[in-house]
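Asker: Before I ask anything, let me first share the structure, which is written out below as structure tokens.
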Amino acid sequence: MTTTSKLVTMQHAVRDHVPSGSMVLLGAQLEPMIPFAAGHELIRQSRRDLTLVGPISDILFDQMIGAGCVARTMAAWIGNVSAGVGYCFRRAVEQNIPRPLATVDYSNLTLALGLHAGAMGVPFMPTYSTMGSDLPIKNGNLREFNSPVNEEKLIAVRALRPDVAIIHVQRADQFGNAHLWGSLGVAVDGARAARKVIVVAEEIVAPEVIASDPNRTLIPGFLVAAVVHEPWGAHPSPVQGHYARDHAFFSQYHEQSRELKDFEQWLQRWVLGVKDRAEYMNLLGACRVESLGVKQHAMSAPADFGY
């Protein structure tokens, strides 16, 4: 096990591990634990020509598209879960604003299978899913083939191997060993499929805390290139055990991104006009932060790993 700390600031993690042109997995846990702080730092560092990979890709994708960071998306859905439309995504697809955007359409299952194949180190995973739809026509990573076992027709989902997976977790040690619970989505396969992993943690704890519950260590440190301590780094999405979803923020973003000039003002206020997450949280305000805190804790029963 490594004894070298991987703990760095968000600025350093993005600077050192996410160059322009990267394929980046974000929002792997579906609606919870979306790494907004990391996405905002990518915007501030003016990353360009990114390929964003994610399943139900909530407003972080929309923000990064609107900021001009994204050349291509590989996703099952992009928008605002609270309101439906992602206006920046729509402007990019329909009007090439702020730049043209290529879209590669998946279903949630086929995206998960692509990452699973990448995690396993195999070229593809077979499925019946999407047969009869137009997805294999639009997406060259979904190809119909005859099974060598019984000649049935199947879809081969080509392996996905992102350059970087950015995964938000509840806690990690300084070496990258991370505990994650709640909605897992495709985070575990995504971390194993990616060439690099950045873990963003609500808490940094001693290695002994991680070692006390090995079955919850879903991302082992040897996969991790950098660890960032970023409390509230997933806001406005929820993190189980830490804070709830900020429904009002999603609704406000919906209204404030409807027109291009309004989105540009939103981006300046919430992303470009703050230097880091601490300033973002100050802007959010103590009262709002307090209102999102856990109201009723639901602790799991302890597990005995002794013999």
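The values are calculated or read from the model by the stated rules, or taken from the named source; none is laboratory data. Since the structure is predicted, the reported quantities are computational estimates derived from the model, not experimental observations. Note: ideal-geometry Cβ built from the backbone for every residue, glycine included; neighbour counts use all protein chains shown.
Asker: Contact list please: Cβ distance under 9 Å, first residue in region 124-135 and exposed (fewer than 13 other Cβ atoms within 10 Å of the Cβ), second residue modelled with pLDDT under 95 and part of a loop (DSSP other than H, G, I, E, B), pairs at least six apart or on different chains.
Answerer: Tyr128/Glu152
Asker: Related question: Among the helices (runs of 4 or more DSSP H) lying completely within region 96-193, list those that include at least 2 residues that are of a type outside the set (A, V, I, L, M) and within 27 Å of Gly66 (Cβ to Cβ).
Answerer: Because the criterion is at least 2 residues that are of a type outside the set (A, V, I, L, M) and within 27 Å of Gly66 (Cβ to Cβ), the helices (runs of 4 or more DSSP H) in region 96-193 that meet it are 108-120.
Asker: Can you pull out every residue in region 15-35 that is in a helix (DSSP H, G or I) and either free of Cβ contacts under 8 Å to residues at least 24 places away in the same chain or in contact with a strand residue (DSSP E or B) (Cβ under 8 Å, 6 or more places away or on another chain) (or both)?
Answerer: Those that are in a helix (DSSP H, G or I) and either free of Cβ contacts under 8 Å to residues at least 24 places away in the same chain or in contact with a strand residue (DSSP E or B) (Cβ under 8 Å, 6 or more places away or on another chain) (or both): Asp16, His17.
Asker: Among the small types (Gly, Ala, Ser), out of contact with any His (no Cβ under 6 Å at 6 or more places or on another chain) and not in a helix (DSSP H, G or I) - does that describe any residue in region 245-256?
Answerer: So far as region 245-256 goes, no, none of its residues is among the small types (Gly, Ala, Ser), out of contact with any His (no Cβ under 6 Å at 6 or more places or on another chain) and not in a helix (DSSP H, G or I).
Asker: Please tell me if Val188 is under 30 Å from Tyr128 (Cα atoms), surrounded by fewer than 21 Cβ atoms within 10 Å (Cβ to Cβ) and touching a helix residue (DSSP H, G or I) at 6+ places or on another chain (Cβ under 9 Å).
Answerer: For Val188, the condition - under 30 Å from Tyr128 (Cα atoms), surrounded by fewer than 21 Cβ atoms within 10 Å (Cβ to Cβ) and touching a helix residue (DSSP H, G or I) at 6+ places or on another chain (Cβ under 9 Å) - is met.
Asker: Go over the candidates Ile97, Ile59 one by one and state the one that is more than 24 Å from His116 (Cβ to Cβ), surrounded by fewer than 19 Cβ atoms within 10 Å (Cβ to Cβ) and hydrophobic (A, V, I, L, M, F, W, C).
Answerer: Values: Ile59 fails: surrounded by fewer than 19 Cβ atoms within 10 Å (Cβ to Cβ).
Testing whether each residue is more than 24 Å from His116 (Cβ to Cβ), surrounded by fewer than 19 Cβ atoms within 10 Å (Cβ to Cβ) and hydrophobic (A, V, I, L, M, F, W, C) leaves just Ile97.
Asker: Here are the criteria: (1) over 21 Å from Gly54 (Cα atoms); (2) part of a strand (DSSP E or B). Tell me which single one Val209 does not satisfy.
Answerer: (2)
Asker: Within region 81-103, can you find the residues that are at pLDDT 95 or above and touching a helix residue (DSSP H, G or I) at 6+ places or on another chain (Cβ under 8 Å)?
Answerer: Going through region 81-103, the residues at pLDDT 95 or above turn out to be 86-103.
Passing the criteria: Gly86, Tyr87, Cys88, Phe89, Arg91, Ala92, Ile97, Pro98, Arg99, Pro100, Leu101, Thr103.
Asker: Could you look through region 204-234, keep only residues that are acidic (Asp, Glu) and over 27 Å from Gly39 (Cα atoms), and pick out the one that is surrounded by the most Cβ atoms within 10 Å (Cβ to Cβ)?
Answerer: Initial filter on region 204-234 (acidic (Asp, Glu)): 208, 213, 230.
Those left that are additionally over 27 Å from Gly39 (Cα atoms): 208, 213.
Details: Glu208: 8, Asp213: 14.
Going through the qualifying residues, I end up with Asp213.
Asker: Which one of Ala38, Ala71 is surrounded by fewer than 19 Cβ atoms within 10 Å (Cβ to Cβ), assigned by TED's automatic domain parsing to the domain that holds Ala234 and not in a loop (DSSP other than H, G, I, E, B)?
Answerer: Ala71
Asker: So, Phe249, is that one in contact with a Cys (Cβ under 7 Å, 6 or more places away or on another chain), in the same structural domain as Arg91 (by TED's automatic domain parsing), farther than 27 Å from Asp163 by Cα and among the aromatic types (Phe, Trp, Tyr) or not?
Answerer: For Phe249, the condition - in contact with a Cys (Cβ under 7 Å, 6 or more places away or on another chain), in the same structural domain as Arg91 (by TED's automatic domain parsing), farther than 27 Å from Asp163 by Cα and among the aromatic types (Phe, Trp, Tyr) - is not met.
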